[in-house]
1. Looking at S69 and the list (1) polar (S, T, N, Q); (2) surrounded by 13 or more Cβ atoms within 10 Å (Cβ to Cβ); (3) farther than 30 Å from T146 by Cα; (4) modelled with pLDDT of 90 or more, which single condition is not satisfied?
2. Would you point out the residue of the stretch 15-58, among those that are in a helix (DSSP H, G or I) and among the basic types (K, R), that is surrounded by the most Cβ atoms within 10 Å (Cβ to Cβ)?
3. Within the stretch 83-130, which residues are among the acidic types (D, E) and in a helix (DSSP H, G or I)?
4. Could you check A112 against (1) at pLDDT 90 or above; (2) surrounded by 15 or more Cβ atoms within 10 Å (Cβ to Cβ); (3) among the small types (G, A, S) and say which number it fails?
5. Evaluate the stretch 156-166: report whether one residue or more is in contact with a Leu (Cβ under 6 Å, 6 or more places away or on another chain) and at pLDDT below 90.
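The values are calculated or read from the model by the stated rules, or taken from the named source; none is laboratory data. This one's a predicted model, so the numbers in the text were calculated from it and none came from an experiment. Quick reminder, even Gly has a Cβ in these numbers, built from the backbone with ideal geometry, and neighbours come from all protein chains shown.
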Amino acid sequence: MLFDAIDYGNQKKKKDEDYSVFSVVILPWCTSFGRAVSYTTVCRVLEAWCVDNMPLQTADKLIKNIYKSALRKAARYHEKTIVAKLMMITTARASLLPNLAVFLVEQLCLIAQNPDLSTFTKKTVRNAHRCVLAIIGASIGAAIGTLIEPGFGTIIGAVGGEDWLTRDWLSNTIFFHNERLRDMYISRAQ
């Protein structure tokens, strides 16, 4: 169903395009839901691969709970600036697999759209750029959040930093497709 929805979204637009509830609401929601589920599934597959094929010490660094890690480091070092520096590195490692999962799912969706080479290259570079910025943003945000409050502040900072640096607001990309609605309203106004 996910690939049908992707393919449907990429068909050539007709002048009298159907703006039914199915094409404007249900189909974009199914596509977004499929992507959201795929992100988590691919992340779990990557984590399992790491545990099976990497030394456990390395796999543990990639599959770290940054909330608990920040609390442990705060209890150990008693200095928020030291903990913030350490959490920047820890968060970069811990956010690698989730962001790699998003990159892989987006690339699979891109391949399913069957674009020409220049479009594929441009979108691949954009996806890779977003992945790197998300890791950097999460790391910086976690460090800032840890300075305020280790644990809860670390999580809020990591999510906020990732969103701020990538300018990728979850509600717009996963559950709501502004482009389709905007196109629908523009065509109705003309």
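1. Failing condition for S69: (3).
2. Here is the first cut: in the stretch 15-58, the residues in a helix (DSSP H, G or I) are 21-53, 56-58.
Subset that is among the basic types (K, R): 35, 44.
Values: R35: 20, R44: 12.
Ranking the qualifying residues of the stretch 15-58, first place goes to R35.
3. Looking only at the stretch 83-130, we keep the residues that are among the acidic types (D, E), and these are 106, 116.
Hit for the stretch 83-130 is E106, nothing else.
4. Exception for A112: condition (1).
5. Checking the stretch 156-166: at least one residue is in contact with a Leu (Cβ under 6 Å, 6 or more places away or on another chain) and at pLDDT below 90.
Per-residue answers, yes or no, for (1) at positive phi; (2) acidic (D, E); (3) out of contact with any Leu (no Cβ under 8 Å at 6 or more places or on another chain); (4) touching a residue at least 40 places away in the same chain (Cβ under 8 Å):
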site: V102; (1), (2), (3), (4): no, no, yes, yes
site: Q107; (1), (2), (3), (4): no, no, yes, no
site: Q113; (1), (2), (3), (4): no, no, yes, yes
site: T119; (1), (2), (3), (4): no, no, yes, no
site: K122; (1), (2), (3), (4): no, no, yes, no
site: N127; (1), (2), (3), (4): no, no, no, no
site: V132; (1), (2), (3), (4): no, no, yes, no
site: I135; (1), (2), (3), (4): no, no, no, yes
site: I140; (1), (2), (3), (4): no, no, no, yes
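For every residue, the table says whether it meets (1) of a type in the set (S, T, Y); (2) in contact with a Gly (Cβ under 8 Å, 6 or more places away or on another chain); (3) at pLDDT below 90; (4) closer than 28 Å to I156 by Cα.
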| site | (1), (2), (3), (4) |
| --- | --- |
| S32 | yes, no, yes, yes |
| R35 | no, no, yes, yes |
| P55 | no, no, no, no |
| H78 | no, no, no, yes |
| A84 | no, no, no, yes |
| T90 | yes, no, no, yes |
| N99 | no, no, no, yes |
